[in-house]
Amino acid sequence: MAGAVDPVEVTFEHPSEYLLVSDFPGSLIDADLSTWQEYIPDIQDIEITSSADESSQPALYHNSGSDEEKPLLMVLHSWSIGYLQNIDIPLGEFAVANDWVFIHPDFRGQNDGRPESTASELVISDMEDALEYARENANIDESRIYLLGYSGGAMNALHLCQPSPRDICGVAAWVPVYDLVTWYQWNAERGEPYADEITGACGGVPTEDSEAREECAQRVLAPTCLRWRESFECSWHTVSTIIPCRPSKHFMLLMIWPPKRIKFLRNKSISLWSTVKCLKHWPSARRMKSAISSISMKPMPSVQLYLQSGPAELVLFEGEHEMLYRPGLEWLARQQR
């Protein structure tokens with residue numbers, strides 16, 4: 001892959017005792033600055049002026065101030081909460097302990113049905129502004145800019161790849177919302193409030209040929225976003241009861257067997273670690289060449305399916321709506337453009 005180098009070997013510290021997002025004290029949507037300051041006393045609560053509409057967008061930020069070039073880790077909050085989301089604290093602790101620059105932007109806050117939320121153009125602009133703020137205020141190693149997101153944050157991490165492909169070396173996306181139309185249908189059938197939040201953000205119910213459906217389509221990851229990437233991407237996804245794994249598997253199929261759309265993938269090899277339980281849901285599973293692969297990052301629960309194609313990986317493992325802090329951080333730490 002032109003422009004890419006082999007993953008770097010690095011040593012790093014994991015200061016947090018918490019391994020899973022579900023282990024962190026409190027609920028997934030707990031959010032307060034005092035808790036962040038308890039774990040990371042030097043964290044800064046900053047304001048970034050939006051380049052799109054001149055509004056002030058808050059963010060958490062940390063830079064040790066050392067002169068040497070440092071990796072940048074931008075972590076994106078999940079669907080139902082803003083930039084003070086407490087479960088991301090262990091990610092910030094890792095950045096501080098290893099002298100990475102850390103930024104945790106708000107990008108219009110929670111996805112509560114406002115049109116400006118939910119992977120809108122303003123959201124994308126805000127995330128780009130956060131990257132630019134870090135560049136202007138710290139000595140960033142441009143070959144080691146990383147994104148990490150969980151749930152709704154993973155959706156936005158993948159979406160950001162489209163306008164800014166060359167800026168980002170690695171993306172770790174945990175249980176991502178990938179297809180807003182499919183996820184709307186999933187939630188509408190179950191009477192979940194996420195369905196109303198999608199209709200509010202996209203201007204109506206995303207029925208066939210509707211403007212709302214087109215709007216939803218504009219707010220999801222397009223596989224062609226990887227077209228000019230000279231870097232790596234990693235997508236993690238649990239077998240979740242909140243977000244179905246099927247859209248992620250369909251996305252991987254697009255990456256593996258698109259005769260016209262994904263010609264840029266130079267490495268067509270597939271690395272697969274699976275069970276019949278997951279594979280029976282794949283209409284094209286028999287077309288794969290099975291190859292058992294080991295995943296060395298720990299801790300790792302029971303992996304149901306592992307796929308790799310070119311710059312992308314997909315891991316399906318048993319669990320609920322979960323993120324493991326260390327595997328994603330370790331994977332990112334070894335990537336360099």
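Take each of the peptides 119-126, 50-57, average the number of other beta-carbon atoms within 10 Å over its residues, and list them starting from the highest.
Numbers: 119-126: 20.9, 50-57: 13.8.
So the peptides 119-126, 50-57, ranked by packing, come out 119-126, 50-57.
In percent, rounded to a whole number, the relative contact order of region 1-110 is 32, using alpha-carbon pairs under 8 Å and six or more apart. Per-residue Cβ neighbour counts within 10 Å put 74, 155 in the sequence 74, 155, beginning with the fewest.
Which distance in Å, rounded to a whole number, links the C-alpha centroids of region 172-202 and region 320-337? Using only Cα atoms to place each centre, the spacing works out to 25 Å.
Solvent-free Debye calculation, one equal scatterer per alpha-carbon of region 1-123: log10 I(q)/I(0) at 0.09, 0.14, 0.22 Å⁻¹ equals -0.29, -0.69, -1.29. Taking all C-alpha pairs of region 42-88, those more than 13 Å from each other amount to 68 percent. Pairs of Cα atoms nearer than 8 Å and 6+ residues apart set the relative contact order; for region 143-198 it is 34 percent.
Taken together, the values in this text are just the output of simple stated rules run on the coordinates, not laboratory data. Bear in mind the structure is a predicted one, so any value in this text is a computation, not a measurement. Glycine gets a Cβ as well: all are built from the backbone with ideal geometry, and neighbour counts include every protein chain shown.
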